[in-house]
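Just below is one structure, and these are the notes that go with it.
The values are calculated or read from the model by the stated rules, or taken from the named source; none is laboratory data. It should be emphasised that the depicted structure is a prediction, and the values quoted were computed from it without experimental measurement. When we count neighbours, we look across all protein chains shown, and the Cβ atoms used for this are built from the backbone with ideal geometry, even at glycine. In case anyone asks, the SASA skips ligands and DNA or RNA and just uses the protein heavy atoms, side chains included. Shrake-Rupley method; radii C 1.70, N 1.55, O 1.52, S 1.80 Å.
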Amino acid sequence: MKIIRSIRKMQQVSRQIAADGKKIGLVPTMGYLHYGHLSLIKKARKFSDVVITTIFVNPTQFGPNDDLNKYPRDEKGDIKKVFDAGGDIVFIPKADHIYPKNYQTYVNVEKITKTFEGTSRPGHFKGVTTIVSKLFNITRPDVAVFGLKDYQQAMVIKTMTSDLDYPVKIIVAPTVREKDGLAMSSRNKYFTTEQRQKAVCLYKALKVAKGEVKKGELDTGKIKRIMRRKIVEICPSAKIDYIAFTDFLSLKPVNKISKDCICSLAARLFGVRLIDNMKMK
Ligand code: AMP
């Protein structure tokens with residue numbers, strides 16, 4: 001069990017692990033860990049000998065109106081959780097080491113970052129691909145695990161990994177939910193008890209959509225209307241950002257539900273922006 005804060009040290013340790021013939025699994029996170037994150041560590045464990053979890057609240061993926069400064073942090077608690085979950089190394093770099101003065105290099109995936117989260121959060125994915133790319137270079141993983149909860153992010157990272165020939169297998173792990181269905185998220189902490197109960201509206205809307213598809217409804221326009229009604233019924237003040245039905249791999253919007261269709265949505269609830277998604281078939 002190791003805590004590493006220096007980039008140089010992390011690179012040395014990774015090189016040594018590889019030289020010993022061991023496989024490295026990487027789980028990048030922004031900390032304030034919950035069971036969703038821990039499920040990724042457990043998944044990484046299955047595919048590797050040494051699991052490196054990174055904790056880094058990455059400033060370049062936050063927009064000027066995002067919650068960078070108030071993003072929850074609990075380094076001590078996180079370290080304990082990682083080791084309890086079977087992680088081997090926690091890498092916690094400093095922001096000014098990752099982005100020193102005069103830093104000017106970014107990684108950008110073109111097409112699939114231009115929709116949905118990319119439209120709502122300009123520059124977000126550029127920050128994500130830049131940090132993941134740097135973490136790949138620092139930790140040299142054989143596999144890296146990401147959550148389906150951030151579905152578009154997972155697809156963007158898969159694209160980057162393939163396009164830049166990183167020898168890294170990307171694994172996408174299922175979304176871990178609270179008992180009532182709300183997707184676990186570090187941002188759920190922002191809600192009061194009453195608000196938290198209403199935050200389940202996104203999950204409920206996705207369930208309603210899936211129920212419609214089961215009944216034979218294939219028109220995504222109709223399903224979207226039903227979903228909007230459900231969200232507003234549970235949380236009248238919700239500000240829906242988008243509800244999208246897309247092909248799972250290409251992220252191209254679909255008008256009719258098909259085999260590989262996923263529904264993604266984003267909404268601002270009580271000032272907190274949440275996203276969720278569900279495969280429809
Ligand atoms: P974050 O700390 O929010 O940047 O998330 C780090 C990783 O955990 C990303 O790959 C997320 O997709 C994943 N993740 C976040 N929430 C969940 C969840 N509820 N279930 C599974 N994975 C998650």
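Numbers at a glance
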read-out: Antiparallel %, DSSP beta bridges [both residues in the chain], to 5; value: 50
read-out: Accessible-area order (highest first, 1.4 angstrom probe) of the listed residues 34, 124, 97; value: 97, 34, 124
read-out: With every protein chain in place, the chain: carbon and sulfur % of accessible area (1.4 Å); value: 50
read-out: The chain - percent relative contact order, Cα under 8 Å, separation 6 or more; value: 17
read-out: Area accessible to solvent at residue 70, 1.4 Å probe radius, in Å²; value: 130
read-out: Average accessible area per residue (Å²) across the stretch 138-217 - probe 1.4 Å, nucleic acids and ligands excluded; value: 46
read-out: With DNA, RNA and ligands ignored, accessible area of residue 110 (1.4 Å probe; Å², nearest 10); value: 110
read-out: Overall dimensions of the chain by Cα: Rg and Dmax, Å; value: 19.1, 57
read-out: DSSP-loop GluC sites (Glu not before Pro) across the stretch 207-274, with at most 15 other Cβ within 10 angstrom; value: 217
read-out: Among 250, 186, 48, residue whose mean-square fluctuation peaks in a GNM of the chain (springs only between Cα atoms under 10 Å); value: 250
read-out: Shape call, the stretch 135-232: gyration tensor on alpha carbons, a/c limit 1.5; value: oblate
read-out: Calculated FRET efficiency for the pair residue 177/residue 20, C-beta based, R₀ 51 Å, to 0.05; value: 0.85
read-out: D (Stokes-Einstein, µm²/s), Kirkwood Cα radius, the stretch 24-128, 0.692 mPa s at 37 °C; value: 216
read-out: Solitary cysteines of the chain, where the nearest other Cys Cβ is not under 4.7 Å; value: 261, 263
